[in-house]
1. Output the number of the condition that A:Val258 fails; it satisfies all remaining conditions of (1) modelled with pLDDT of 90 or more; (2) surrounded by fewer than 21 Cβ atoms within 10 Å (Cβ to Cβ).
2. Tally time: how many residues in region B:301-344 are away from chain A (no Cβ under 14 Å), part of a loop (DSSP other than H, G, I, E, B) and crowded, with 17+ Cβ neighbours inside 10 Å?
3. State all residues of region B:150-175 that are surrounded by fewer than 17 Cβ atoms within 10 Å (Cβ to Cβ) and within 21 Å of the chain's Cα centre (by Cα); if no residue qualifies, say none.
4. Give the residue that is farthest from the chain's Cα centre (by Cα), with candidates limited to residues of region A:240-270 that are closer than 13 Å to A:Ala219 by Cβ and of a type outside the set (Gly, Ala, Ser).
5. Taking region B:266-285 as the search range and keeping residues that are open to solvent by 60 Å² or more (accessible area, probe 1.4 Å) and modelled with pLDDT of 90 or more, which one is nearest to the chain's Cα centre (by Cα)?
6. Take A:Ala219 and decide whether it is under 20 Å from the mean Cα position of the chain (by Cα), in a helix (DSSP H, G or I), at the interface with chain B (Cβ under 10 Å from one of its Cβ atoms) and surrounded by 22 or more Cβ atoms within 10 Å (Cβ to Cβ).
7. Which one of these does B:Leu28 not meet: (1) surrounded by 15 or more Cβ atoms within 10 Å (Cβ to Cβ); (2) aliphatic (A, V, I, L, M); (3) modelled with pLDDT of 75 or more?
8. For residues that are within 24 Å of the chain's Cα centre (by Cα) and open to solvent by less than 20 Å² (accessible area, probe 1.4 Å), tally how many sit in region B:205-237.
Amino acid sequence: MQTVTFWGATTLYALATAFFFVGMVFGKKRTSDWGRYAAFAGLFPHAVAIGLRWAEVGHGPYSSRYEVISSNAFVLVAIYLIATQAYRQLRAVGVFVMPVAFLLMGWAVSAFGVKNEVPIIFKSYWLFLHIGFAKAFGASLIVAAGSAAAYLIKRRDPERLKSLPEAERLDLYTYQFLLISFLFLGVMIVAGSLWAHQSWGRYWGWDPIETSALATWIAFGVVLHFRVLHRWSGKRMAWLTFVAFGFGMATLYVVTLVVPTIHNSYLVGK
Amino acid sequence: MFRSPRLALFTLCLTMLYTAVVCWLPWLASATPAPPAWAVRLGLDHPFRSLPFLAACLLLFVNTLACTCDRFSRTLRLWRGELPPFAMALAGAGDRKTGSLLSAYGFRGHGALLFKNRFALWGGFVLHVGILAIILSVALQQAFFDGGAFEIAEREVVSLDRPGVVMGRDAGYFARKTPPRIEVALDLFDANLHQPGYAPDRRSRLVVADPDHPERRLTGTIDRARGLAMGDATIYQAIPSGFALTLEAPQLGTRSIHLRGKGDRTAFADLTDPAGEPVRFLLDAEHSLSDPKGTGRLAVRVERRGVSRTLLPGESFQFGPGEARITGIARWGGFTYARTPGIGLVFAGFALALAGCFLMIFPAGVARLAENAGATETRIYLTRGADLLRMEWNDHPEQPENPAQPDSDSQEIA
């Protein structure tokens, strides 16, 4: 059942990706709408797959690579759908978001068979906040980067890709999502810090992931200062969003694979 | 000088690059090789206590303080409805157009002064106050921090302030000179307890007492998820564990010898007897010493001058001028303690910074309407979205014959 629901979700995300591409290339708004419906439909089997794994291993989706990446994809799709419900003109940004969700599912399945018991240190309320906001941070940052990419395309040729809103609006959305990611990253760091204090009596240990998260938060600070103090917007801001995106993705997905850290288990996950 | 935006960016970039680079240093993680000599010379073996990093933090604090003071007066003026000189000007439209557009943008109020998410004007200020609080409180907290590791065997009692009990003490400059005066006894210890839903891990029942106040006595069960507080100190379960021998010697009384692993089935400890002669105690297990199902039969040996002798339970052996006995085998567990005065201030700083981030999510603005020859002249300040508003203003169907000429110096955010 887990396999069926997981692959069902993956197929629907692949379909959504295809619909968005077709909609973008041929300028068919209706086709892009189907992409959104497919993404929405994919959330249900995906939720079932995550729930079944949760019931099987007895803990939330935060231990093995499959659980972490699959739930990250779920949160990404959910945040995209919620965001586009609030900001309808962002819908076409699905053309950047859904391929990422699809690829994440592909990465997740590479560790489908890995099932771990979690260490006792995971017995904390702060853990749920820490991990939940880490997922929300990653998802909102991908939406921000997708919006920045859409801005660059739209700015180059305003007549192209009619399903996308005006460049000025995309610039505003990029900034808005960057601010939301900044908040989510902050909550993630603080919740992790409270968790560490509860378990070890220290709130900061300069673990590589902690340090990388701090560097990312400061990088966001730099980007926001450029926007606020130097009134950077448009193209320069879009590129700065990619810089922040690079920092964020390195923190979430790269450092843990390269450097020994207490966070290794969530991606290496033996 | 310290209020300069360029200095703010320079300091932030410097700190960001330093932390980003340093987090990749392989020797910072535990159980990795020692840092090379050149890294030690540069202070990169303890990068976050090195002078360049501390100087950058100080600069960041001074710069943030200067900017925050400036920001307070600017935000207060906006809060009162005083628009900055660079506020966007939209002139020439009638009341209806102005009213409908500003209303669609979320501006609310009565009369000539309208606000959008007025509370959110304080977002940046609150965030900066939070950052200042974090830097200051972390500095204070680090100065007073006191922590260290210790080991206790089952049924052993240790007093943390006695010399030699606490190992690897990490104390700030203003921390108390000695570890906390607390007596800790390990009542029960399980190195491989399988709690439902979690991997096997340590769990201990501790009896903690204040020797100066006998009425202050606590018994608590801890694992690696949560500590046990006594006064201003909290005791936490650590990972290290092993076996201990209880030694009874006439000159020493009863003491616990904590053994270290030597291979999978043997543990040992080196001691010097009262005569100054080295003695090695060994414990051999039938199965693995870390086997959660049990170690099987255990045997104790004592080695002196290259001669190994297996001891029977209660059997005496030469130990200095007299004889000693091994009266028991137990487990020892590793623990840490921490005294973190000022931690509440650190968390208050975190809360302020997050509150600031939260407020910043809401786009805020101030609009002031003024009558000018029958048309409304509107001046608007928006934290973001000004470009979009101007674009929509120009595209509006009610655009008058003489369209508004947006202020060329208009901007988004102050």
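1. Going through the list (1) modelled with pLDDT of 90 or more; (2) surrounded by fewer than 21 Cβ atoms within 10 Å (Cβ to Cβ), A:Val258 breaks only (1).
2. Of the residues in that region, 1 qualify.
3. Hits for region B:150-175 are B:Gly168, B:Arg169, B:Asp170, B:Tyr173, B:Phe174.
4. The qualifying residue farthest from the chain's Cα centre (by Cα) is A:Leu240.
5. Step by step, filter region B:266-285, then rank; the result is B:Asp270.
6. Numbers: under 20 Å from the mean Cα position of the chain (by Cα): yes; in a helix (DSSP H, G or I): yes; at the interface with chain B (Cβ under 10 Å from one of its Cβ atoms): yes; surrounded by 22 or more Cβ atoms within 10 Å (Cβ to Cβ): yes.
Against the criterion (under 20 Å from the mean Cα position of the chain (by Cα), in a helix (DSSP H, G or I), at the interface with chain B (Cβ under 10 Å from one of its Cβ atoms) and surrounded by 22 or more Cβ atoms within 10 Å (Cβ to Cβ)), A:Ala219 qualifies.
7. Status for B:Leu28: all satisfied but (3).
8. 8
The values are calculated or read from the model by the stated rules, or taken from the named source; none is laboratory data. The model shown is predicted, which means the values in this text are computed figures rather than measured ones. Here Cβ is always computed from backbone atoms with ideal geometry, including for glycine, and neighbour counts include all displayed protein chains. Ligands, DNA and RNA are stripped out before the accessible areas are found, and what is left, the full protein with its side chains, is counted by its heavy atoms. Shrake-Rupley method; radii C 1.70, N 1.55, O 1.52, S 1.80 Å.
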